[in-house]
Amino acid sequence: MRRSEPRLQRKLLAWLLGPLAILLVLDTAAAYWNSLRFANLAYDRALHEIGREIALHVKLDGARPRLELSEAAANILFVDQEDQIFYRVVGEDGTDLGGDAQLPEARVGKAGKPNFYGDTVRGEQVRMMVAWMPVGPDAGPPLVRVQVAESLNKRERLAWEMVANVVLPQLLLIIMATAVVWFGVSRGLEPLQRLRRAVSDRSHLDLSPIDIHDVPGEVRPLVDEVNELMARLERTFDFQNRFVADAAHQLKTPVSGLKAQIELALRETDLHRVRHSLAQLYISADRLSRLVRQLLSLARNEPGALDSMQLQPLDLNAHALEVSMEWVPQAIKRNIDLGFEGVDHPLMIDADQDRLRELVNNLIDNAIRYSQPGGRVTVQASRIDDAQCRLAISDDGLRIPVEERARIFERFHRLLGTQEDGSGLGLAIVSEIATLHGARITLEEDIDGVGNTFSVFFPLRAA
Ligand SMILES: Nc1ncnc2c1ncn2[C@@H]1O[C@H](COP(=O)(O)OP(=O)(O)OP(=O)(O)O)[C@@H](O)[C@H]1O
Ligand SMILES: [Mg+2]
C-alpha cells in the first residue's frame, strides 16, 4: 500500500516519457540526415570550385595536356584547417597528369554535371567530386578528368550544429514537461495520500465512515464501498458484542444454580435424597444444554450469515409435513391433537433445509409447549398467490396479548407467568431465519379469537 502511490506516478511518467523519448530519437535521426544533406549541398559547391581552379592550371603542350601547379598555388588551393583535401587529374587517354594517383578511379560521363559521392581514401571517409573539364580557352576538347576528395569533418560538424539547434529546445521542452507532470501528479495524488493517512491513523475499533468531503471523484465510489463495508462490520460487531454479553449473562444464572445444587448434593448423606438431587441436576443440565443450543443457533443465524446459506429448491408442503410427523410422539405425550393441512401440489421455495427445519421446529415446539393439555395444534401449508406461499402454525392455547406480539420476537423475552421452561430465544431464531429467507412473519389470534397463529410468508420460487 505504502508504495502504490509513487508507482502510479512513475507509471504515468513512463507513459509520457517513453513515447516522447522515441519521438526525440527519430526526430534527431531525421534532423541529422537532413542537415547533412544541406551541409553537402553547401560544401560540394566549394569542392567543384577547387576542381575548376585545378583545371585552370592544366596547360596544353601542343595537343598534350600538362598540369602546372606550383607548390605555392597548391598551398593556397588546399589549405583547410579542418579537412584534408586530395586531388587527381587524368587525361582522356587515362594517363595521370598530377595529384594523388591512389585516389580511387571514378567513372563519369564526359558531358554534364560534376558527380558527388562518398568514398574512402587511405582508410578515411571522404566526399568525392569528379568531373570532366575543358583545358583550352574554349569549352571543347581535350578534356581532363579532375577528382577532388575531402574528408568529412566540417560537414559533420555543421550537420551536428544544425541538429543541436533543432533538438536542444525539444529536449528542454521534455524536461520541463516532465517537471510539470511530476508536480501536477503529486498535487493530484495529494488527496489520496491524505486518505491513506486518515485510514492508517485510525484505531482498529473506529468503524465510523471515512470523510468523503475531500476525496477526488474517481475514488469516491471506492470510498463509498469501504464505508458501506464498515457499516456492515459495525452492525456485525454490534451484534456479536451484544450476543456475547447476553450469552454470558444468561449462562451465569443456570451455571451458579448447577453449582449450588451440586454442593447441596455433596453434603447429602442419604442415598435416596442424593438420587433426588441428581435427578434435579439432570433437569438443570438439560435446560442449560438447550440454552447453549439455542444460543449457538442464534449466533449461526445472525444477519451476516447469508454467505453460509445453502439455498436449494425445496417443497415447503412436503417439508412441513415431514417435520410435523416428527413431533407426533411429543404431541401425544402432552395430549395435544397435532394436525397437518397441506395442499395437493408442491410449494417450491428456495431454502436452506437445516435452517428451515429449525424454524418449523421452534414454532411447533412453542405451540405444543404453551398450549393446555387436550389442546389442538395445526400446521398449515398453503399458496397465497403466484408470488408467495404461507406456513402457519396455530394453537388454541392462551392468547398472547396484543401488546406483547412484537416483543416476544426479541431475544430472551418471555411472557410473565409461563410455567414452561425456555430460554426466550426460539422466536428470535425464527425471525432471523425468516429474514435470511426473505420471508415475512406475522402473529395473529386464531379465527375464533382464541389461541395464536404464527404465519411465515415465503416468496415462491420463480418457475
Ligand atoms: N404458541 C405460543 N403460545 C403462547 N405463548 C407463546 C407461544 N409461542 C411463544 N410464546 C411466548 O413467547 C415467549 C418467547 O418464545 P420463544 O420461543 O422465543 O422462547 P422460549 O420458548 O421461551 O424459549 P426457547 O428458546 O427454548 O424456545 C415464550 O416464552 C412464550 O411466553
Ligand atoms: Mg420457544
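The values are calculated or read from the model by the stated rules, or taken from the named source; none is laboratory data. In this text the structure is predicted, and so the values were computed from the model without any measurement. Reconstructed Cβ throughout: ideal geometry from the backbone, glycine too, with neighbour counts over all protein chains shown. Just so you know, the surface numbers come from the protein's heavy atoms only, side chains and all, with ligands and any DNA or RNA stripped out. Shrake-Rupley method; radii C 1.70, N 1.55, O 1.52, S 1.80 Å.
The apolar share of the surface of the chain, taken as the fraction of accessible area on carbon and sulfur atoms (1.4 Å probe, ligands and nucleic acids excluded), comes to 58 percent. The magnitude of the dipole of the chain, with charges of +1 and -1 set on the Cβ of Lys/Arg and Asp/Glu and taken from the Cα centre, is near 880 debye. Amide H contacts under 5 Å for Arg461: Met348, Ile349, Asp350, restricted to partners 5 or more places along the chain or on a different chain, H placed in the peptide plane at 1.01 Å from N. When the Cα positions of Gly374, Trp327, Ala106 are compared along the charge dipole of the chain, Ala106 comes out farthest toward the positive end, with charges on each C-beta of Lys, Arg, Asp and Glu. Note on segment 217-300: with charges restricted to the Cβ of Lys and Arg (+1) and Asp and Glu (-1), its dipole about the Cα centre is near 560 debye. Using only the alpha-carbon atoms of segment 291-341 as identical scatterers, what base-10 log of I(q)/I(0) does the Debye formula give at q = 0.21, 0.22, 0.26, 0.27 Å⁻¹? Results for segment 291-341 at q = 0.21, 0.22, 0.26, 0.27 Å⁻¹ read -0.92, -0.93, -0.93, -0.94.
Subtracting the Cα-Cα distance of Leu229 and Leu311 from 0.36 nm times their residue separation leaves 27.1 nm of extension gain. At Asn241 and Arg407, where each label point lies 7 Å from the Cα along Cα→Cβ, what is the point-to-point distance in nanometres? In this crude label model, Asn241 to Arg407 measures out at 2.6 nm. Rounded to the nearest 20, the size of the Cβ-charge dipole of segment 309-459 about its Cα centre is 340 debye, with Lys and Arg at +1 and Asp and Glu at -1. Take every Cα pair under 8 Å whose residues are at least 6 apart in sequence, average their separation, divide by the length of segment 245-380, and the relative contact order is 24 percent.
Around the amide H of Phe412, modelled in the peptide plane, lie the amide H atoms of Leu425, all under 5 Å away and 5 or more residues distant in sequence or on another chain.
Here segment 360-379 and segment 385-463 have alpha carbon centers that stand 12 Å from each other. Averaged per residue, the chain has 61 square angstrom of accessible surface, using a 1.4 angstrom probe with ligands and nucleic acids left out. A 1.4 Å probe over all protein chains sorts Met128, Met325 by accessible area into Met325, Met128, starting with the largest. Comparing Ala406, Ala434, Val274 along the charge dipole axis of the chain, the residue lying farthest to the positive side is Val274, per the Cβ-charge model. Relative to the longest principal axis of the Cα atoms of the chain, the long axis of helix 153-200 makes an angle of roughly 10 degrees. Largest accessible area first, the residues Phe237, Phe116, Phe457 order themselves as Phe237, Phe116, Phe457 under a 1.4 Å probe with ligands, DNA and RNA left out.
Its Kirkwood hydrodynamic radius, worked out from the mean inverse distance over all distinct Cα pairs, puts segment 170-275 at 19.9 Å. Measuring with a 1.4 angstrom probe and ignoring ligands and nucleic acids, Phe239 comes out at about 20 Å² accessible. Against the main long axis of the alpha-carbon atoms of the chain, helix 220-267 sits at an angle near 30°. Secondary-structure-derived ellipticity at 222 nm for the chain, considering helices only, amounts to -18000 deg cm²/dmol, per-run term -39500 (n - 2.57) for DSSP H runs with n ≥ 4. Working from label points 7 Å from Cα in the Cα-to-Cβ sense, the Glu105 to Glu445 distance is 13.3 nm.
Enter the angle in degrees (range 0 to 90, nearest 10) between the Cα long axis of helix 426-436 and the first principal axis of the Cα atoms of the chain, meaning the one along which they spread out most. The two axes meet at around 30 degrees.
Normalising by residue count, segment 35-160 has a Cα convex hull of 105 Å³ per residue. For Leu171, Leu143, the ranking by accessible surface with the largest value first comes to Leu171, Leu143, using a 1.4 Å probe. For the chain, the relative contact order is 10 percent, taking Cα pairs closer than 8 Å that sit 6 or more residues apart in sequence and dividing their mean separation by the residue count. With a Cα-only, solvent-free Debye model of segment 309-459, what are the log10 I(q)/I(0) values at q = 0.09, 0.16, 0.17, 0.20 Å⁻¹? Values, matching the q order: -0.26, -0.85, -0.97, -1.35. Across segment 309-459, the mean sequence separation of Cα contacts (distance under 8 Å, 6 or more residues apart), normalised by length, yields a relative contact order of 24 percent.
What value does the chain have for Rg/Rh, both radii from Cα atoms and Rh as Kirkwood defines it? Don't jump to the answer; show the numbers that get you there.
Numbers: Rg = 52.9 Å, Rh = 33.4 Å.
Rg/Rh: 1.58.
A Förster distance of 25 Å, applied to the separation of the beta-carbon atoms of Ala177 and Ala29, puts the FRET efficiency at 0.70. Shape summary of segment 226-368, radius of gyration then Dmax from alpha carbon positions: 21.1, 66 Å.
With just the Cα atoms defining each centre, how far is segment 68-134 from segment 229-269? Give it in Å. Computed from Cα coordinates, the inter-centre distance equals 113 Å.
Each label was represented as a point 7 Å from its Cα along the Cα-to-Cβ direction; for Leu192 and His272 these points are 8.6 nm apart.
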